[in-house]
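Report on the structure given below.
Coordinate-derived values only; no laboratory data. Here the structure is a predicted model, which is why all the values come from computation and not from measurement. Note: ideal-geometry Cβ built from the backbone for every residue, glycine included; neighbour counts use all protein chains shown.
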Amino acid sequence: MLNDPFLLPCGASLQNRLAKAAMTERLSGRDYLPNAFHLQLYRIWAKSGAGLLLSGNIMVDKRYLESAGNIAVEAEEALPALRKWTAAGRAPGQHLWAQLSHPGRQCTILVSGRPLAPSAVRLRKLGLFARPRAMTEVEIEDVIRRFVRTATLCKAGGFTGVQIHAAHGYLLSQFLSPLTNRRTDQWGGSLANRARLLMAIVQQTREALGPDFPIGVKLNSADFQGGGFSEEDSLDVIRMLGAAGIDLLEISGGTYERMVFLVEDEPEVKASTRRREAYFLDFAHKAREVSNMPLMVTGGFRTRAFAEEALRSGMLDVVGMARPFLTEPGQALAFLQGSLEKFSDFKIRTGWKKLEDMAEGGFYARLLIQLARGEAPDRDSPALLSALFLPWHELRKALGKRVSVRQ
Ligand SMILES: Cc1cc2nc3c(=O)[nH]c(=O)nc-3n(C[C@H](O)[C@H](O)[C@H](O)COP(=O)(O)O)c2cc1C
């Protein structure tokens, strides 16, 4: 099954069922553009054989980054760099999609002292995030235009599809959650109102890109927080997306407050879910019952037999994997061909609950940068050092000591 092609509703076809999920690169300089490091990284992944490569999140507004070093695409000046990247970053027949995102309140204090959010609800996490400002309706309309513009530019820049990031607690996910969206206008309150921004972006992106261009959405199965975006909410949004007609729904879960997409042993994740290798699979089963749109599930897949079994069960159409593309970047082809049965699983734990997601995230962020620079991966650094890597990286970038670009 893994090697079977898959036809998307728009008419495009994936050459197999393996996708490299999005991983933010944090490699750009002050021009917010892809550079030689991105080319090096995606040349490696282009050889992976995966039918679909998703870019790391590309920002629709350079004033609000998810991380220092993000790519941001706002204007036609980005096109030459995008074209170079997409030409180097995919093999013939392989799909390379741009993941489009706005961080909302999940924008560190080093990037913005006043980020935007649906409501002024601060993210409290180690003092790294400032209190956001509730967006005006004009700013909401501006965000819609920005997503559509970035999508249009990414298409012109050679991407073969786009994915709208509505998961992991970023802006669109903040709008979906009643904990972060306390608005009383047409953008808050009922689920239909909370989903209005996502649905407007999906609909207008489709109008701009046409019926035969792949459009995907990454959505949380839940936020794993009491009173937040729930499984029932997510199933309702899936019904709405099904009616709107997207090509691939990627299921994930969690936010910066509960990073279950990286640290799946969070106590909030049900033990029964955790026991499965892919921890959002139970939810995929429910999603299948409410919509027949193509499904990709990401998070935890490591063995070939399990990926095959999940595909054969009909619960999903595409297997998404992220971290194995960093720890064993040359092995995806062997996995597809059947000569590798299992990717290694690294768990980076400090023993301090508050630091575990920072350690996990920092470890992989560093591996990605090493891979992009052509350096030997350091898989043995102490967990505590990994936990400090991202704040250090943000600070270093903020102080202007950019990673030097070797063209
Ligand atoms: C270094 C790193 C960066 C990530 N950046 C993104 C991102 O830009 N967008 C996104 O949707 N998910 C991002 N993720 C989450 C992955 O796409 C994926 O959902 C998660 O790692 C679980 O899949 P895995 O168990 O196969 O790694 C990132 C994960 C890692 C490790």
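Structure notes:
- Counting DSSP beta bridges with both ends in the chain, the antiparallel % (nearest 5): 10
- Counting neighbouring Cβ atoms within 10 Å and putting the fewest first, the residues 388, 54 line up as 388, 54.
- Candidate lysines for bridging to residue 62, where Cα separation is under 20 Å - those fewer than 8 sequence places away on the same chain excluded: 155, 397, 401
- For segment 83-139, the Cα-based Rg and Dmax, in that order, read 17.0, 46 Å.
- Theoretical ellipticity at 222 nm over the chain - DSSP helices of four or more residues, -39500 (n - 2.57) apiece, nearest 500: -11000 deg cm²/dmol
- DSSP bridge pairs, segment 82-228: antiparallel proportion in percent, nearest 5: 10
- Taking 23 Å as the straight-line reach from the Cα of residue 342, the lysines in range (excluding those fewer than 8 positions away in the same chain) are 20, 47.
- Surface/4 estimate of mean projected area, convex hull on alpha-carbon atoms of the chain, nm²: 17.3
- Take the Cβ atoms of residue 142 and residue 7, set R0 to 30 Å, and the FRET efficiency comes out at 0.25.
- Of all complete DSSP H helices in the chain, those with a Cα span along the helix axis of 18 Å or greater and a mean Kyte-Doolittle hydropathy of 0.5 or more are 383-398.
- Look at where the Cα atoms of segment 1-50 and of segment 365-388 average out, and the two centres are 21 Å apart.
- For 14, 340, 326, the sequence from fewest to most other C-beta atoms within 10 Å is 340, 326, 14.
- Segment 6-341 - percent relative contact order, Cα under 8 Å, separation 6 or more: 17
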